[in-house]
1. Of the residues A:Thr238, A:Thr227, A:Thr193, A:Thr245, only one is over 19 Å from A:Leu33 (Cα atoms), among the polar types (S, T, N, Q) and in contact with a strand residue (DSSP E or B) (Cβ under 7 Å, 6 or more places away or on another chain); which?
2. Identify, from the list B:Leu171, B:Leu86, B:Leu179, the residue that is within 14 Å of chain A (Cβ to nearest Cβ), assigned to a helix (DSSP H, G or I) and in contact (Cβ under 8 Å) with a residue 60 or more places away in the chain.
3. Restricting attention to the stretch A:96-112, does a residue exist that is within 23 Å of B:Phe20 (Cα to Cα), touching a His at 6+ places or on another chain (Cβ under 8 Å) and modelled with pLDDT of 95 or more?
4. Looking at B:Ala30, is it more than 30 Å from B:His145 (Cβ to Cβ) and more than 14 Å from chain A (Cβ to nearest Cβ)?
5. Determine the pairs where a residue that is more than 18 Å from B:Ala113 (Cα to Cα), located within the stretch B:239-263, has a partner that is in a loop (DSSP other than H, G, I, E, B) and polar (S, T, N, Q) with Cβ atoms under 9 Å apart, the partner being 6 or more residues away or on another chain.
6. Which of the residues that make up the stretch B:1-27 are hydrophobic (A, V, I, L, M, F, W, C), in contact with a Gly (Cβ under 7 Å, 6 or more places away or on another chain) and either more than 8 Å from every other protein chain (Cβ to nearest Cβ) or farther than 26 Å from A:Pro69 by Cα (or both)?
7. Collect the residues in the stretch B:20-57 that are free of Cβ contacts under 8 Å to residues at least 40 places away in the same chain and over 17 Å from B:Ile70 (Cβ atoms), keeping them in residue-number order.
Amino acid sequence: MIEAQALSKRYGDKTAVDGVTFAVKPGVVTGFLGPNGAGKSTTIRMIMGLDAPTSGSVTVNGKAYARHPAPISEVGALLEAKAVHTGRSAYHHLLALALTTGIGRKRVEEVLDLVGLTEAAHRRVGGFSLGMGQRLGVAAALLGDPATLVLDEPVNGLDPQGILWIRTLLRRLAAEGRTVFVSSHLMSEMALTADHLVVIGRGRVIADTSVSEFIDRASARVVRVRTPQAAELRARLTGPGIDVTSVEPDLLEVHGLDSASVGLVACRAAIPLEELAPVQASLEEAFMELTDDALEYRVHETEQRAS
Amino acid sequence: MTTDLKVTPARVVRSEWLKFRSLQSSPIAAVGAVVGMVALGWMVSAITADRWPQMTAQNRANFDPADTSIRGYVLVQLVLGVLGVLTVSGEYGTGMIRSTFSAVPTRLPVVWAKAAVFAVVAFVVGEFSSFAAFLGGQAFLSSQHIEASLSDPGVFRAVFGVGLYMTGVGLIGVALGWLIRHTAGAIATLVGLLLIVPGLAGALPENWANHVVPYLPSIAGQALVNLRPEPFMLAPWTGFAWFCGEVVLALAAAAIVVKRRDA
């Protein structure tokens, strides 16, 4: 369980994280979604006690991370970029972390095997590909067999096979009852991996919801209807909140009504339909729509300040 | 399970020792320090012994056999100082520090463990190279019967003192690594502090310089090593005590900064 309470971080004039409140629950994969520069990595660094919050607080299992006596057995983290000395081998890197808390060599070999780095274990990390570096980061996160995992952009640099591997691993870890918090700027990836989403834009939480709700909420209901009598149908589709645009002479997009209602209107007026289909926004589109709002809000706010 | 997986100072020391050993740069620098110290000491001693019959009385009067063989520390101190810088700045440069502080989020155990591990390494390397340089150097000088013995007044103190002084320099390097975080900047500061500042301070008016120069880290520390002290220098152990105080101060400053700053 990770809980952030009105968490903020300012660097000089710039506010990277702005009063963020959310809870990450065990047993599901929670995606931490936002465009680059939205404050994801800063939030994760504050969870891990690497950056001190300007105000607010964040706890892991009820305590600030630094107050846990056995930190890496409490939370395993894959940090952004390679947080590894390039001159050391993967094995020695993991062993150095393991020794701080009395974890043995056997566990180091286990996690190396788990991420498929056994062969490369004694090579210098400097020669690793980005994907191998990510695998090493995952191995470090799993080292203490922690109940909570925080992973910053774990699929970065992985090949399709590696992405599938991460996806399966994260779902398995969540199914074991662990708290899994994964950041990404890739909406499509989160749609496949996450159950729950915390969406962040410009340092603020703009959604904290399940993946399906997120899509429903963010996508306006849109129905596509093709008919030779487009003008006639259009004249009948009126009412509060209903908006019709014509895409082609015989193709309309109806906002604010579901397909059943559009079909009924057409039937009553005896207008033949050639095509009637609800358009579901993808997670990608839903995300763009939400972050667009955050962006507009920001622009508006600065304009007000200027005037 | 979590109770026996606590982070303890001893465990952090073990981790830091592994970190030190598992980098190629560490043994290279350690061997480099020994080779440098021994090569300089033996070479200068051998050359002196060779020239002794032709040397003037004045040159002979200025000659000190022990000092001749251990003089190399003036250069070799930089090898240990730079290695001290690297044990810390290498972690900042590569991002390793974030892994380190994730494993030990209270941070201070890392500062103390790095200092402890490096102090032991620098002490062993410093003493070994100093005694090797001295003993080998005296063997060359004995051909002219001008050698010194460890039982001569001040000689043991000076030879042993080289190891102590170089340990202190290494620790200043470690502290500068924490404070400055960038390898180049920390090394430049170290060289400036040890070699350039004393020279500049010497340019001060004499009555000022006498109140400043003896207390500068390298001058105070070298009081222990110097067999022919300048009149303004502190007494050997007084100077070394000042030097130790300055090392402790540097490490304390490092600890405060590390605790406060974002990693």
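The values are calculated or read from the model by the stated rules, or taken from the named source; none is laboratory data. Owing to the predicted nature of the structure, the values given are computational and were not obtained by experimental measurement. Here the Cβ is made from the backbone with ideal geometry for all residues, glycine too, and neighbour counts use every protein chain on show.
1. Working: A:Thr238 fails: in contact with a strand residue (DSSP E or B) (Cβ under 7 Å, 6 or more places away or on another chain); A:Thr227 fails: in contact with a strand residue (DSSP E or B) (Cβ under 7 Å, 6 or more places away or on another chain); A:Thr193 fails: over 19 Å from A:Leu33 (Cα atoms).
Result of the check over A:Thr238, A:Thr227, A:Thr193, A:Thr245: A:Thr245.
2. On the way: B:Leu171 fails: within 14 Å of chain A (Cβ to nearest Cβ); B:Leu179 fails: within 14 Å of chain A (Cβ to nearest Cβ).
None of the others qualify; the one that does is B:Leu86.
3. There is no residue in the stretch A:96-112 that is within 23 Å of B:Phe20 (Cα to Cα), touching a His at 6+ places or on another chain (Cβ under 8 Å) and modelled with pLDDT of 95 or more.
4. Values: more than 30 Å from B:His145 (Cβ to Cβ): yes; more than 14 Å from chain A (Cβ to nearest Cβ): yes.
Yes, satisfied.
5. Pairs found: B:Gly239/B:Asn226.
6. Result: B:Leu23, single match.
7. B:Arg21, B:Ser22, B:Gln24, B:Pro27, B:Ile28, B:Val31, B:Asp50, B:Arg51, B:Gln54, B:Met55, B:Thr56, B:Ala57
This table checks each residue for (1) touching a Cys at 6+ places or on another chain (Cβ under 7 Å); (2) without any contact (Cβ under 8 Å) to a residue 12 or more places away in the chain; (3) within 11 Å of chain B (Cβ to nearest Cβ); (4) at positive phi.
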| residue | (1), (2), (3), (4) |
| --- | --- |
| A:Ser57 | no, no, no, no |
| A:Ser73 | no, no, yes, no |
| A:Ala77 | no, no, yes, no |
| A:Leu95 | no, no, yes, no |
| A:Gly104 | no, yes, yes, no |
| A:Leu114 | no, no, no, no |
| A:Ala120 | no, no, no, no |
| A:Gly126 | no, no, yes, no |
